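What follows is calculated from the coordinates using simple rules that are stated; it is not laboratory data. Everything numeric in this text was worked out from a predicted model, so none of it was measured. With ideal geometry, Cβ positions are generated from the backbone for all residues, glycine too; neighbour counts draw on all protein chains shown.
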Amino acid sequence: MNKKKYTIVQILPALNTGGVERGVVEISKALIDFDFRSIVISSGGYMVPQLKRNGTIHYKLDVQTKNPFKWPKIRSQLKVILENEKVDLIHVCSRVPAWIAFPLGTILNIPVVTSVHMRFRKSNFLKKYYNSILTRGSSIIAISKHIEDSIKKYFPKVSDKIKVIHRGVDLDLFNPANIKPARIIAQSQLLNLKDNLPVIIMAARPAMWKGYLSLIKALSKVDQNYQCVLIGASDGSKKFQDILIKYIIKFNLETKVKLVNSSKDIQASLILGDIIVMPSITPEPFGRIILEAQALGKIPVAYDHGGASETIINEKNGFLAEPNNIKSLAENISLALSLKVTKREKMGNFSKKFVSKNFSHDKMCKLTLSLYKQCIAEYKTNG
């Protein structure tokens, strides 16, 4: 008798660029590799073809709308999919999909796992209630110790359901040896980089809390020569870009700092950087870009809070600045720029080993799939 294949559904708002999205794609591939059936439901995005190449089924539903009056119709459509596909477990990766999917878990007797990758903060009753949906799963995946602490602080009654599974890095994708020179040359030309000048890269969504202004202010205090590329900044609104440009002009950094769109080849973009900066002014839930930089042997600089504190060992595989201290950020960028070649290589090699041991894609996938099996087994036993 053939062993039944478990069918796992992951639901997220969209499949465009981002750490959550890349994580879903990676888990989907692992599910196929370990003989599960993999289904993803989202509103679509440019990563859908990648999913399908891996053997995952994708259904397009508007699971990102925040209009609750539309949820009943979407929930009905989702119910049909879950029944037809005989789903064994639902994994929701955001609040809106969770609100849509949770009632169906109860109705159809399917366990629901949630991932929390957002920062819980003090809020009013309604906001706390809205956030609470992510704590109602059979199990709660926290993507960092920082997130686990946040959940325990605001939702202490669910502490025993939390499992910390750090996001992982695909060590094949982020292996310098696997990035062809043609890709690097293409990115260098796209970014219009100058020869023989150190490259500072910040790659982030166009949101002020990501610390764009902190970095610009810090760079105005750095005496060394450099060129800095703000990857993702040009994706922002005109108002957002105008604010950044205003400060770049204010500090006479027009020849040193440039805004560009998000990268379609983040590996080739990051490998061009000597320093990768993550200056988020509020703690990052995790900060995957740091690990990706470390996997490539690059030197990250970040504020010492949130996920960065879990992935950077100061002066061993990066530099940690005092949170929201512009002077400290500038000093640490200067330290990174002044590293001798031998020290840079030593830190880079340590970084690669550190990521491989603690934050690999394989480790994340194995822990996640193990949790899926455990939740299905417990649900059947208790159900």
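General remarks:
- Whether the stretch 241-333 is rounded, prolate or oblate, judged on the alpha carbon gyration tensor where a/c under 1.5 counts as rounded: oblate
- Rounded to 10°, Cα long-axis angle of helix 145-154 versus longest principal axis of the chain: 60 degrees
- Gyration tensor (alpha-carbon) shape descriptor, the stretch 176-358, a/c threshold 1.5: rounded
- Within the chain, the longest run free of chymotrypsin sites (Phe, Trp or Tyr not before Pro) that sit in a DSSP loop with at most 16 other Cβ atoms within 10 Å is 47-250.
- Put simply, the amide H of Val257, placed in the peptide plane, has neighbours under 5 Å in Cys228, leaving out anything fewer than 5 places away on its chain.
- Cα shape, the stretch 286-383, gyration tensor, a/c 1.5 rule: oblate
- The stretch 161-191 and the stretch 82-119: distance between their alpha carbon centers, rounded to Å: 30 Å
- Theoretical FRET efficiency, 1/(1+(r/R0)^6), r = Cβ-Cβ of Gln50 and Asp362, R0 22 Å, to 0.05: 0.75
- Between Pro285, Pro300, Pro72, the Gaussian network model of the chain with springs among Cα atoms under 10 angstrom shows the greatest mean-square fluctuation at Pro72.
- For Ala321, the residues whose amide H sits under 5 Å from its own are Ala302, Tyr303, Asp304, ignoring neighbours fewer than 5 places away on the same chain, with H placed 1.01 Å from N.
- Helix axis angle, 361-382 relative to the chain longest principal axis, alpha carbon, degrees: 20 degrees
- Take the Cα of Lys66, step 7 Å toward its Cβ, do the same at Asp223, and the gap between the two points is 4.7 nm.
- Under 5 Å from the amide H of Val169 lie the amide H atoms of Ser360, His361, each residue being 5 or more positions distant or on a separate chain, with H modelled from the backbone and absent for Pro and chain starts.
- Cα-based helix-to-principal-axis angle, 181-191 vs the chain, degrees rounded to 10: 70 degrees
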